[in-house]
Amino acid sequence: MTSTYQAVVRTDSVIRALVPEDLADVLEMEVRSYSHPWSEAVFRDCFRPDYRLYACDCGAALGGYAIVAYLFDEAHLLNLCVPPERRREGVGRQLLRYLIARAAHEGMKQALLEVRVSNLSAIALYESEGFRGIGRRPGYYPAADGREDASVMAIDLCVI
């Protein structure tokens with residue numbers, strides 16, 4: 001299923017490695033973007049050889065970030081965040097395309113992710129980039145009224 005989502009093409013953005021010096025901006029963005037944000041300790045634990053951390057610089061500001069864990073031949077997208085004021089500008093799509101290309105280049109055979117079943121805009125983005133639903137994780141995410149299911153999505157990278 002392909003989305004009718006039309007992103008603005010950004011010409012002022014650059015994808016680069018996320019570095020520890022970015023954490024203040026990342027944590028501020030995380031708190032504004034999620035009801036249950038990751039802690040600084042969780043982010044610090046991601047700076048390791050089997051993870052890939054990406055930042056999208058949009059002009060003078062951090063416009064988003066992505067955290068990907070590599071395990072054997074699989075890239076697991078753990079966190080893709082774009083702050084509310086930057087959504088629908090193409091930042092998330094740019095980050096997603098970049099991390100998929102890098103994972104394929106580094107020999108990963110598949111990328112997968114979990115997304116809240118209520119996050120229809122993220123699901124539409126992932127589907128429009130070739131991800132397909134492969135399962136569901138009941139009660140995976142904390143929610144205000146208990147727990148929320150996750151949709152598990154994947155894309156084969158060997159055909160990209």
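The values are calculated or read from the model by the stated rules, or taken from the named source; none is laboratory data. Here the structure is a predicted model, which is why all the values come from computation and not from measurement. Note that each Cβ is placed from the backbone with ideal geometry, even for glycine, and that neighbours are counted across all protein chains shown.
Here are a few things to note about the model shown:
- Exactly one residue out of Glu89, Glu28 is under 17 Å from the mean Cα position of the chain (by Cα), of a type in the set (Asp, Glu) and buried (at least 17 other Cβ atoms within 10 Å of the Cβ): that is Glu89.
- Candidate set: segment 59-81, residues that are touching a Lys or Arg at 6+ places or on another chain (Cβ under 9 Å) and within 14 Å of Ala122 (Cβ to Cβ); chosen: the one surrounded by the most Cβ atoms within 10 Å (Cβ to Cβ): Gly64
- Of the residues examined, Leu113 is not one that is out of contact with any strand residue (DSSP E or B) (no Cβ under 8 Å at 6 or more places or on another chain) and surrounded by 16 or more Cβ atoms within 10 Å (Cβ to Cβ).
- Sole residue being in contact (Cβ under 8 Å) with a residue 24 or more places away in the chain and under 15 Å from the mean Cα position of the chain (by Cα), chosen from Pro83, Pro142: Pro83
- Residues within segment 142-160 that are surrounded by fewer than 19 Cβ atoms within 10 Å (Cβ to Cβ) and either outside any strand (DSSP E or B) or in contact with a His (Cβ under 7 Å, 6 or more places away or on another chain) (or both), tallied: 6
- Residue match in segment 6-22 (condition: of a type in the set (Lys, Arg) and either surrounded by fewer than 16 Cβ atoms within 10 Å (Cβ to Cβ) or modelled with pLDDT of 95 or more (or both)): yes
- Scanning segment 36-58 for residues that are surrounded by 11 or more Cβ atoms within 10 Å (Cβ to Cβ) and either aliphatic (A, V, I, L, M) or not in a strand (DSSP E or B) (or both) yields Pro37, Trp38, Glu40, Val42, Phe43, Arg44, Asp45, Cys46, Phe47, Leu53, Ala55.
- Some residue of segment 96-107 being acidic (Asp, Glu), out of contact with any helix residue (DSSP H, G or I) (no Cβ under 9 Å at 6 or more places or on another chain), over 18 Å from Glu21 (Cβ atoms) and in contact (Cβ under 8 Å) with a residue 60 or more places away in the chain: no
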